[in-house]
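Everything on this sheet refers to the single structure shown next.
The values are calculated or read from the model by the stated rules, or taken from the named source; none is laboratory data. Keep in mind it's a predicted model, so treat the numbers as computed, not measured. Note: ideal-geometry Cβ built from the backbone for every residue, glycine included; neighbour counts use all protein chains shown. Accessible surface is based on the protein model in full, side chains and every heavy atom, while ligands, DNA and RNA are left aside. Shrake-Rupley method; radii C 1.70, N 1.55, O 1.52, S 1.80 Å.
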Amino acid sequence: MFVDAKCKENRLEEIPTTEQAENAPYPFDKGKPILPKVSQLRRKLAEKAKREPRFRFYALYDRIYRKDVLWSAWCIVQRNDGGPGIDGQTIEEVEQYGAIRLIDEIHELLQSKTYQRGTPQGGVISPLLANLYLHWFDKVFHGKDSPLKFANARLVRFADDFVIMARSIDDRMIKWVVEKIEMWMGLELNREKTKVVNVRSPDAALKFLGYSFRYEKDAYKKNSCYLRRSPSRKSMQRARDRIRELTSHQKGCFPINEVVRELNWFLIGWSNYFKTGHPGRSFRSLNHFVLTRMYLFLRRKSQRPFKLPEGITWYHFIFKKLMVRRL
C-alpha cells in the first residue's frame, strides 16, 4: 500500500527531518501546545502550497509519524478538554495509561508500517491516522481508471470525512469507492453516514463540516436557483447549547465582564468559521438568541431584578454597552 517516496520530487529539505525530531522532549504548554519544530513544518508546507498550488507532497509520511507531531496533536486535544469518542475513552484514561507511552506505541507502529485499523472514530489520534490512509485514496482517485477519469468527479476530504462530487453517481463509482476503501485499504465505511445526495432535488441538502449545501430559489431573480451554503441545523443547535451553557445560572457568581469575554471568544470563533457562504439568516437567529440569553442572565444576576438605565434599550445595552459580539 505504501510507495517509495524517494523517487518523487521533494523540495522540503529545510524542514526538520524525522531523525532530528526522534528524541525530542515532550514539553507541554497549554498556551502553545504545538512544538517549535512542528510549527516550522506547518509554516514551510503552507508556504510551499501557496507558492505552487498544483504541487503534490509525496514524502510526508515520515514527518506525520514524528513523535513531536503526534505529541502536538495530543496536546491540542488535551488543551481543548476534548470529549471521549465512540469508545468512551476519556482524556483522564489516556493520562492514566500514559500519553507518552501511547504516542511511543503509535509512533513505532506507524514507522514500521504495521499499524492495523481499529482506532475508534473520534479518538485522540483518529484524524491524523485517517489523513495517512486517505492520502493514498486521494492518489488513486487522481490516477488511471478512477472516477476523476471516467466520471470527471472531484474529491474533497477533511480528516476522516470526504465528499465526491459529480454530475452523476452511478453503481460503477460506488463499487470503485467501496473496493478501494474496504478491500484495498482495509478500512470500513460508515454506512449510516455514507450516502448519495442529489442536491438539486427538492428539500435535499448535503451536510459537510458543519455546513449545509442546498439549492434554493433566488429572491431577486425569477425562475432561478442558487447553491446556498450556511450552518447546518446541528451546528446551529450546538451553538445555542454552548451559548446557553455560557449564560446559565451557574455563571451567576461570575463578573459580567468575564461572562461577556468568554461568550465573545466563542462567538468570534464560530462566526469566523461560518462567515463564508450565506450565513445571514443564521447570524440573525443567533443574535436574537444571544440577546434573549443575556437578558435572562442579567435579570437573575441578583436577588433584585436588573434594571436598565433610562433611555436605552436592552439591545443597545447588551451589544453597545456590554460589547457583546454581534454576528
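Could you grab the relative contact order for the range 210-327? Cα pairs under 8 Å, six or more apart, rounded to a whole percent.
Result for the range 210-327 is 26 percent.
Estimated at the nearest 10 Å², the accessible area of T90 is 40 Å² with a 1.4 Å probe.
Taking 0.36 nm per residue of separation and subtracting the Cα-Cα distance, what length does fully extending D241 through L296 add?
Working: separation 55, 0.36 × 55 = 19.80 nm, distance 1.51 nm.
Working it through step by step, the gained length comes to 18.3 nm.
Relative contact order for the range 176-235: 21 percent, from Cα pairs under 8 Å spaced at least 6 residues apart, divided by residue count. Sequentially through the range 253-269, phi angles give Karplus couplings (6.51, -1.76, 1.60; θ = phi - 60°) of 8, 8, x, 4, 5, 6, 4, 5, 4, 5, 4, 5, 4, 5, 5, 5, x Hz, Gly and Pro residues having no value and appearing as x. Simple spin-label estimate for Q111 and D138 gives 2.5 nm between the two label positions (7 Å along the Cα-to-Cβ direction from each Cα). Relative protection proxy for 162-175, 236-249, 66-79, 305-318, from highest mean packing down: 66-79, 236-249, 162-175, 305-318 (other beta-carbon atoms within 10 angstrom). For Y215, the residues whose modelled amide H falls within less than 5 Å of its own, excluding neighbours fewer than 5 places apart on the same chain, are R228. Note on R43 and F150: the model spin-label points, each 7 Å out from Cα along the C-beta direction, lie 4.7 nm apart.
The distance between label points at Q250 and R304 comes to 3.0 nm (points 7 Å beyond Cα on the Cα→Cβ vector).
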